[in-house]
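Undergrad: The following block contains the structure, expressed as structure tokens.
We did not get these values from a lab; they are worked out from the coordinates using the rules stated. The structure displayed is predicted, hence computed values, not measured ones. Please note: Cβ atoms are built from the backbone with ideal geometry, for glycine as well, and neighbour counts cover all protein chains shown.
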Amino acid sequence: MKIQYPITFFYYRDLEQVIPFYQDILGLDLVRDQGWCKIFSVNNMAYLGLVDEAAGSVSVSEQKSVLLTLVVDDVDAWYEHFKDRSASVLGPPEWHEEIGVYCFFLMDPAGYKIEIQRFKDPL
């Protein structure tokens, strides 16, 4: 028995509203279009599924209690990338020395929080 890869699913009331953010601004590739569910490749080891609440198995919650963290090599370049595209960036990158992380946060159009980070000492 072996786990092949994870898929994290976010649920939306208006799925079409968020597709441009994930494709055009975040730059993820759509690898499976099931109509009511769009699965994007984060890399060759992880996927993100965006689901229409009306057809999915989970209801949308106003309180988004999940955080998508993307570990990148150049946090500052990603920060500028999102600012240039008028994404909802929540503040500039900061070092969090106590945990060895350099990061910033932004929101997708429906309110899911995304963290862009790098570790001082990579995993």
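Undergrad: Determine the dipole magnitude for the stretch 1-54: charges of +1 sit on the beta-carbon of Lys and Arg, -1 on that of Asp and Glu, nothing else is charged, the reference point is the Cα centre, and the result goes in debye to the nearest 20. Spell out each step's value before the answer.
TA: Details: 4 positive and 7 negative charges, 63 e Å.
Rounded to the nearest 20 debye, it is 300 debye.
Undergrad: Restricting attention to the alpha-carbon atoms of the stretch 45-102, what are Rg (one decimal) and Dmax (integer), both in Å?
TA: Here Rg and the maximum Cα pair distance are 15.3, 43 Å.
Undergrad: Now for a different question. Based on Cα positions only, what radius of gyration and what Dmax would you give for the chain, in angstroms?
TA: Both quantities, over Cα of the chain: 15.0, 45 Å.
Undergrad: What's the FRET efficiency of H96 with N44 using the Cβ-Cβ distance as r and R₀ = 22 Å, to the nearest 0.05?
TA: 0.20
Undergrad: Okay, moving on. Only counting other Cβ atoms within 10 Å, I'd like W36, W78 sorted with the fewest neighbours first.
TA: W36, W78
Undergrad: Please give the net charge around A77, taking every other residue with its beta carbon less than 14 angstrom from that of A77, where Lys and Arg add +1 and Asp and Glu add -1.
TA: Summing Lys and Arg as +1 and Asp and Glu as -1 gives -2.
Undergrad: Per-residue ellipticity at 222 nm for the chain, helices alone: DSSP H runs ≥ 4 residues times -39500 (n - 2.57), over residue total, nearest 500 deg cm²/dmol? Walk me through the intermediate numbers first.
TA: Working: 2 runs with 16 residues, N = 123.
Helix contribution divided over all residues of the chain: -3500 deg cm²/dmol.
Undergrad: Also: Listing V42, V72 from the residue with the fewest other Cβ atoms within 10 Å to the one with the most, what is the order?
TA: Ranked by crowding around the Cβ, least crowded first: V72, V42.
Undergrad: I've got another one for you. Order of L30, L50, L123 from fewest to most other C-beta atoms within 10 Å? Mind dumping the intermediate values first?
TA: Numbers: L30 13, L50 26, L123 4.
With the sparsest Cβ surroundings first, the list reads L123, L30, L50.
Undergrad: Filter the GluC sites (Glu not before Pro) in the stretch 73-123 down to the DSSP loop ones having no more than 10 other Cβ atoms within 10 Å, then list what survives.
TA: Those that pass, being in a loop and sparsely packed, are E97, E98.
Undergrad: If you average 1/r over all unlike Cα pairs in the stretch 1-54 and invert the result, what Kirkwood radius do you get in angstrom?
TA: Kirkwood radius, the stretch 1-54: 11.4 Å.
Undergrad: Specify which residue in the list V72, F82, H96 is farthest towards the positive end of the charge dipole of the chain, using unit charges on the beta carbon of Lys, Arg (+1) and Asp, Glu (-1), about the Cα centre.
TA: Projecting each Cα onto the dipole axis, the largest value belongs to V72.
Undergrad: Still on this structure: For helix 75-84, report the angle its Cα long axis makes with the longest principal axis of the Cα atoms of the chain; keep it between 0 and 90° and round to the nearest 10°.
TA: Tilt relative to the chain: about 60 degrees.
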